[in-house]
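*Asks:* Questions regarding the structure given below will be posed in turn.
The values are calculated or read from the model by the stated rules, or taken from the named source; none is laboratory data. Owing to the predicted nature of the structure, the values given are computational and were not obtained by experimental measurement. Here the Cβ positions follow ideal geometry from the backbone for every residue, glycine too, while neighbour counts run over all protein chains shown.
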Amino acid sequence: MAAPNRLHGVLVIDKPMGPTSHDVVARLRKVLGTRAVGHAGTLDPAATGVLVVAVGEATKLSAYLTAQTKQYRATVTFGSSTTTLDAEGDIVATASIPDDLAAELRALTAGSDGTARESAAPVLARALDLERARHEQLPPAFSAIKVGGRTAHELARRGQDVPLALRPVAVSQIEITETTLATLGVLLVVSKGYYVRALARDLGQTLGVPAHLSSLRRVASGNFTLEEALPWSASCAELERAMQTVEGAAQRVLPLSRLSEDGLRRARHGQLLLETHFAEPPVPAVSAWFGPGGELVAIGRPDPNGGFMVERGFT
């Protein structure tokens, strides 16, 4: 078992269908021999794909890793809706697919390139345009959001009403990838906090047909991608070899600022810094502060009263 005091960095895991995100973290804690493990962005048990995991000092980057946009490949099935908005739930409604939508799905399925032919599917195009313009989203009742100290899914499983508020979201991209006579495959890039299960619900409501999410695969979290992901069953040695450094991970999620020797000493002590304490003009935003030797010293931000303050320090 690896020594805990030298495990610091970021792993990209390809989560399989079945385990929860917490299950992945629990296994890594056991295999790596350290409790200092956390993930950056939950995936439902039925979802697969990129789960970014922080170890040791890298857990201080978790908030910034989680804030990155997420890219998914998803399949929406029309004709039935479920309690959980995905294939894991009980069916609560069924209906025939409306004639106009059915005709467009037939036409797209018969074509070779659904994305290029979206202009020939005006009903679907209007529904997708509404989702592209979405700035608020109602989360699913079956979610990990806390309501009165309990998770929403606990209350929902008991049959209780779950009062959830609209949450701000952003949609960068939604494109059709493939279709069948009853399904729509999409590639989408969305902000933190966006529920793809809710996309299926809302598309169905717009199109006038019950719908649910039948498959979901996260292909990227920020610029961490499936191409660099390990299976969750990877050995300790494989995990250690693939672990990205804290410095490297910080550079992938935050802009950089360079400290002078004097700035390094002040940052280590959590003191206020001025522009003169940087080797070059500092980034006027939250940034990763690196010392003269290339080491990650802190995450810092401009102080509202002037100067620059340490937000998180690194050993």
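*Asks:* So which helices (runs of 4 or more DSSP H) stay within the stretch 24-142 end to end and still have 3 or more residues that are hydroxyl-bearing (Ser, Thr, Tyr)?
*Replies:* 62-66
*Asks:* Hey, among Ala63, Ala87, which residue is under 22 Å from the mean Cα position of the chain (by Cα), in the same structural domain as Leu203 (by TED's automatic domain parsing), among the hydrophobic types (A, V, I, L, M, F, W, C) and surrounded by fewer than 22 Cβ atoms within 10 Å (Cβ to Cβ)?
*Replies:* Sole residue among the options that is under 22 Å from the mean Cα position of the chain (by Cα), in the same structural domain as Leu203 (by TED's automatic domain parsing), among the hydrophobic types (A, V, I, L, M, F, W, C) and surrounded by fewer than 22 Cβ atoms within 10 Å (Cβ to Cβ): Ala87.
*Asks:* Still on this structure: Is one or more of the residues making up the stretch 14-37 hydroxyl-bearing (Ser, Thr, Tyr), more than 30 Å from Ser287 (Cα to Cα), touching a residue at least 60 places away in the same chain (Cβ under 8 Å) and not assigned by TED's automatic domain parsing to the domain that holds Trp289?
*Replies:* Within the stretch 14-37, none of the residues are hydroxyl-bearing (Ser, Thr, Tyr), more than 30 Å from Ser287 (Cα to Cα), touching a residue at least 60 places away in the same chain (Cβ under 8 Å) and not assigned by TED's automatic domain parsing to the domain that holds Trp289.
*Asks:* Do we find that Phe278 is touching a strand residue (DSSP E or B) at 6+ places or on another chain (Cβ under 7 Å) and closer than 24 Å to Val53 by Cα in this structure?
*Replies:* Criteria not met by Phe278.
*Asks:* For Gly300, are the conditions met, namely being modelled with pLDDT of 95 or more, on the phi > 0 side of the Ramachandran plot and of a type in the set (Gly, Ala, Ser)?
*Replies:* For Gly300, the condition - modelled with pLDDT of 95 or more, on the phi > 0 side of the Ramachandran plot and of a type in the set (Gly, Ala, Ser) - is not met.
*Asks:* Sticking with this one: Would you be able to say whether some residue in the stretch 282-297 is part of a strand (DSSP E or B) and farther than 25 Å from Gln244 by Cβ?
*Replies:* no
*Asks:* Now a separate question. For the stretch 296-315, which positions are over 20 Å from Gly248 (Cβ atoms) and among the aliphatic types (A, V, I, L, M)?
*Replies:* Result: Met309, Val310.
*Asks:* Of all residues being of a type outside the set (S, T, N, Q) and more than 14 Å from Val53 (Cβ to Cβ) in the stretch 217-235, which is surrounded by the fewest Cβ atoms within 10 Å (Cβ to Cβ)? Just the residue, please.
*Replies:* Restricting to residues being of a type outside the set (S, T, N, Q) and more than 14 Å from Val53 (Cβ to Cβ), the top hit is Glu227.
*Asks:* Out of the residues in the stretch 187-222 meeting the condition of being assigned to a helix (DSSP H, G or I) and of a type in the set (Lys, Arg), tell me which one is farthest from Leu11 (Cα to Cα).
*Replies:* Only one residue fits best here, namely Arg201.
*Asks:* Tell me, which residue of the stretch 45-60 that is closer than 26 Å to Ala87 by Cα and among the small types (Gly, Ala, Ser) is surrounded by the fewest Cβ atoms within 10 Å (Cβ to Cβ)?
*Replies:* Ala46
*Asks:* Ser233 fails exactly one of the following numbered conditions: (1) part of a strand (DSSP E or B); (2) at pLDDT below 95. What is the number of that condition?
*Replies:* Every condition holds for Ser233 apart from (1).
Yes/no matrix, rows are residues, columns are (1) modelled with pLDDT under 95; (2) of a type in the set (Val, Ile, Thr):
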site: Pro16; (1), (2): no, no
site: Thr42; (1), (2): yes, yes
site: Val55; (1), (2): no, yes
site: Gly89; (1), (2): yes, no
site: Ala110; (1), (2): yes, no
